[in-house]
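K.L.:
Below: one structure in structure tokens.
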Protein chains: 4
Amino acid sequence: MKKQPQNWKDKLHEVIYEADTRGGKFFDIILLIAILSSVLFVMLESVDDIQLKYGNILNVGEWVLTILFSIEYILRIISIKKPSKYIFSFYGIIDFLSTIPKYLSIFFIGTHSLVALRALRLLRIFRILKLARFIGESNNFIKALKASRAKIAVFLFFVLILCMILGTIMYLIEGGENGFTSIPRSVYWAVVTLTTVGYGDIAPHTPFGQFVASIIMVLGYGIIAVPTGIVTSEMTKIFDVNLNTQSCPNCSHGDHNDDAIYCNHCGSKLHN
Amino acid sequence: MKKQPQNWKDKLHEVIYEADTRGGKFFDIILLIAILSSVLFVMLESVDDIQLKYGNILNVGEWVLTILFSIEYILRIISIKKPSKYIFSFYGIIDFLSTIPKYLSIFFIGTHSLVALRALRLLRIFRILKLARFIGESNNFIKALKASRAKIAVFLFFVLILCMILGTIMYLIEGGENGFTSIPRSVYWAVVTLTTVGYGDIAPHTPFGQFVASIIMVLGYGIIAVPTGIVTSEMTKIFDVNLNTQSCPNCSHGDHNDDAIYCNHCGSKLHN
Amino acid sequence: MKKQPQNWKDKLHEVIYEADTRGGKFFDIILLIAILSSVLFVMLESVDDIQLKYGNILNVGEWVLTILFSIEYILRIISIKKPSKYIFSFYGIIDFLSTIPKYLSIFFIGTHSLVALRALRLLRIFRILKLARFIGESNNFIKALKASRAKIAVFLFFVLILCMILGTIMYLIEGGENGFTSIPRSVYWAVVTLTTVGYGDIAPHTPFGQFVASIIMVLGYGIIAVPTGIVTSEMTKIFDVNLNTQSCPNCSHGDHNDDAIYCNHCGSKLHN
Amino acid sequence: MKKQPQNWKDKLHEVIYEADTRGGKFFDIILLIAILSSVLFVMLESVDDIQLKYGNILNVGEWVLTILFSIEYILRIISIKKPSKYIFSFYGIIDFLSTIPKYLSIFFIGTHSLVALRALRLLRIFRILKLARFIGESNNFIKALKASRAKIAVFLFFVLILCMILGTIMYLIEGGENGFTSIPRSVYWAVVTLTTVGYGDIAPHTPFGQFVASIIMVLGYGIIAVPTGIVTSEMTKIFDVNLNTQSCPNCSHGDHNDDAIYCNHCGSKLHN
């Protein structure tokens, strides 16, 4: 059983960090809207036409959101028992980095360090990572990804080696006049082709180059199966385990369906 | 055992809503041909050359089909016991929305509200959704999709967050002169690249941009495995369950494991 | 034990239709080389430069191969007991259709029916289907494809309906000036996009069109999982069954590894 | 138990060929950095701007690395008992082929055989294959690929036959004026389309050609499931087997099923 919150700090903690009370749910919805608006503002600001016409409105809205996020940041710090635990957590860093740029923009406004400023302002896009809070940590999906991380890393490493070798071969075959002006560019082309993206900004023109390119494509088409195989077998394993963890109290047979009431091996009743 | 239909309403209901009598099958085939012709007419009408030459023929054919669909709509209403159940069902709304535009076109013909009219006329393409009737609801395929809906939503949400962040980074790296004129446009490019579509209308030109783009492509190539893993493990589960078609002789509950000896619902023995 | 062939017809039958004697293997290798050369000739003939320079050599080579295939065709007919069984089989028809065009070309040489002639000559490319003989019919791979045929057909049908609706929507949004000149063309674009091919010959230019296109791409990226899921679950099923069909002679327990010598359930010896 | 190395040859062997001592680990890290720098140099050398500005630095760095690799090559030969075993192994050949080009460049410097020289120099990119040493041979990932090699070969063979037939059909439909100038080029287009790469350098322009292309794309989208299905079912099998790490206490045979009670090799009881 959960104790009733007793002082304002505990109440605040429940509203901000938890989602199972009325206040907590309301806070989450407001936060969700604020994050999405903020990301929308960053994106619209970068469109020249919109910046010219509605620049002032966007700026005001951005300041309102920045102040709201600042208040949220301060409340999070004062409502937790060990503030350092929050400040140096993943979300604490994201919250800080996505709030500070707007304040910094005051000091840089007179200067001409536009590129640095632009980069700083765009940091606010990372506010979208705050949404990760709403996905939930114990997700099977993330478990499967984590379990197959090492295998996928080996695979991607193998793909990169392949692209380097194939890119070098195509650089030799096609040469600079067909767009394959250097090995790094040819490797870029090999990545574009092997992953089946295929922009077409660089494409082989000689018959032999097209022949080799065809082989690369079919290869890419074939090896796309590998990461899929890895993740699928990992997921099947995880979901199988999660499917049903009960075992019969009489014969200890497992493998029951989720809606099973009686053991399918000995017929005795299951405790659900 | 099924009773013989006794009055014309019941007979009509059987022909229109069911497919296991001779009349019902004939009705379904006529409907199938009418839907496909109608969709073909909508598509051909939009081709300027064909509209100029055969516009009149298409118009006449369209009117014939519209009247046929109107009759079908009315018959469906009068042959069912609770008309409101049909009218507000998915198919009822589709049937209505795909029949009405042609009638509305009479009133709008003199005016110049061409765009609105065009949109209305094109609503008829949704007639193709009537074909869904022929697929069957109890399809394993749709079951697997529904079962993995939540997981796929989380995945697509994750892909969109990734595209927003990657798009913003590329906007900073490449800048407007290489086609990355705004963040929304860069995010569009990131989606085009990560999903391995790769139009090539926007493509990185700076070496560093091409390097980052390569990483995005390999990433997209790797994470395509995730939805596949989800659906596959879901499908394997559903098909596994369906492999066993026995139902309990006592409570007629299905869905037993292959090696089940006792019913998991009532505990009585199964005849294997 | 196999009986020795007794007359020349049986001997011929063994050489042509079977591959387990020395003569049969030799015949298969000659046939393989002839098919591949023939396909190469058809392909080279279509390249203008090569046709101009080496047209005569190609023509002579083509006549030699055609006569060889004719002899093969006649031998196949006379060495089999029921010739009609071969003539109307899949391979019989392929063998006939891919041999006859060269003979017909004599009669058409004076006339100017170039397109018909070209189409006839190109029929010879189907000779490549003769290679199917070397794959083997009892392939698990083809079994899995056949087993999931119905499900994949439902899926492709669903993809086509989706493309028609999405194509119509994009036709409305983008309009003719951006390349979406008619609904069939827009549907073509939707297919190109949803299947992640992405030529870029037609691409959305309006911000809203790019937004809708992004959704289509992510959708296509998500539903590619469906056929994969179907085939994988089908294949896992078939390979599981094929893995090992022996069962223990003592306890009739199945599920042994391929190299198992003793039953893993009761410990008695297995008959391998 | 492992014996202590007794003479300098054994010590050297342990440092170079093994990674479980301090010296061995240090050697591996140095080798890793040297290989990556070397590959980076080859790639940068091919960029004209960098070659002009930093050509001398790259040349010196390349000579330093070449000498280091030469020393490594000689040490590997003298520290192994049977040098021929290393020299003619996969890594021995790679080590030789990737070291020799730099030395050969001295003799060719005066002549104008630039293309041959460039090809030779680029051989050094194969040094990256030395990295394979760090992946580990007993990888499940490589096992799954090897196990499904035959099935994937059949699949790719099938894809190539399909592309040849589809390319020939499109050559007939579209003709030379739309880019489909010859059958080999049309087959190249079919590969680009079926594998969903889609450069867009060649694209159908006639409505009928676009219709056929749409079918090819949907087909390609469907059959991408096949290699995935093969690898996934293979991987699931291998990972399933590996889940069980027990070995028979009598004959130390591994690879038992999870529910095995008796060893499938010698029939003695397993301790579960």
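K.L.:
Please compute, for peptide D:202-214, the average count of beta-carbon atoms on other protein chains lying within 10 Å of each residue's beta-carbon. Walk me through the intermediate numbers first.
P.N.:
Numbers: counts 5, 7, 3, 1, 0, 6, 0, 1, 9, 4, 0, 5, 11.
Counting other chains' Cβ atoms within 10 Å and averaging over D:202-214 gives 4.
K.L.:
I've got another one for you. Relative to the other copies, what are the label-point distances for C:TYR54, with labels 7 Å from Cα along the C-beta vector, expressed in nm at one decimal and sorted shortest first?
P.N.:
The answer, with the shortest distance listed first, is 4.5, 4.5, 6.4 nm.
K.L.:
Turning to a different aspect of this structure: Where does each of A:TRP8, D:TRP189, D:TRP63 land when they are ranked from fewest to most other beta-carbon atoms within 10 angstrom?
P.N.:
Details: A:TRP8 9, D:TRP189 28, D:TRP63 13.
Lowest to highest Cβ neighbour count: A:TRP8, D:TRP63, D:TRP189.
K.L.:
Next question, about the same structure. When you look at the Cβ of every residue in B:82-95, what mean number of other chain Cβ atoms sits within 10 Å? Could you put the intermediate results ahead of the total?
P.N.:
Details: counts 0, 0, 0, 0, 0, 0, 0, 0, 0, 0, 0, 0, 0, 0.
Shielding by partners across B:82-95 averages 0.
K.L.:
At 7 angstrom along the Cα-to-beta-carbon line, where would the label on C:ALA147 sit relative to the other copies? Give the distances in nm, shortest first.
P.N.:
Sorted ascending, the copy-to-copy spacings read 1.7, 1.7, 2.4 nm.
K.L.:
Tell me the net charge near D:GLY179. Cut-off is 11 Å between Cβ atoms, D:GLY179 excluded, with +1 for each Lys or Arg and -1 for each Asp or Glu. Before the final figure, lay out each step's value.
P.N.:
Details: positive: D:ARG185; negative: C:ASP201, D:GLU174, D:GLU177, D:ASP201.
That sum, taken over residues with Cβ under 11 Å, equals -3.
K.L.:
How large is ³J(HN,Hα), in whole Hz, for each residue of the stretch D:83-96 in order, when computed from phi with the Karplus curve 6.51 cos²θ - 1.76 cosθ + 1.60 and θ = phi - 60°, using x for Gly and Pro?
P.N.:
Residue by residue, the stretch D:83-96 yields x, 4, 5, 6, 4, 9, 7, 4, 5, x, 5, 4, 4, 5 Hz.
K.L.:
From the label point of A:SER84, set 7 Å along Cα to the beta carbon, how far off in nm is each other copy's matching point, shortest first?
P.N.:
6.7, 6.7, 9.5
K.L.:
If the limit is 20 Å between Cα atoms, which of A:LYS151/D:LYS151; A:LYS9/A:LYS102; C:LYS11/C:LYS82; D:LYS82/D:LYS102 go over it?
P.N.:
Over 20 Å apart, Cα to Cα: A:LYS151/D:LYS151; A:LYS9/A:LYS102; D:LYS82/D:LYS102.
K.L.:
Another question, then. Can you grab the distance from the C-alpha centre of the stretch D:40-92 to the C-alpha centre of the stretch B:141-198, Å, no decimals?
P.N.:
The stretch D:40-92 and the stretch B:141-198 have Cα centres spaced 41 Å from each other.
K.L.:
Considering every residue in C:183-189, what mean count of other chain Cβ atoms within 10 Å of its Cβ is obtained?
P.N.:
Numbers: counts 9, 10, 5, 2, 6, 8, 2.
Mean number of neighbouring Cβ atoms from other chains: 6.
Every read-out reported here was derived from the displayed coordinates using simple, explicitly stated rules and does not represent laboratory data. Model, not experiment: these values are computed from the prediction. As a convention, Cβ positions derive from the backbone with ideal geometry for all residues, glycine included, and neighbour counts pool all protein chains shown.
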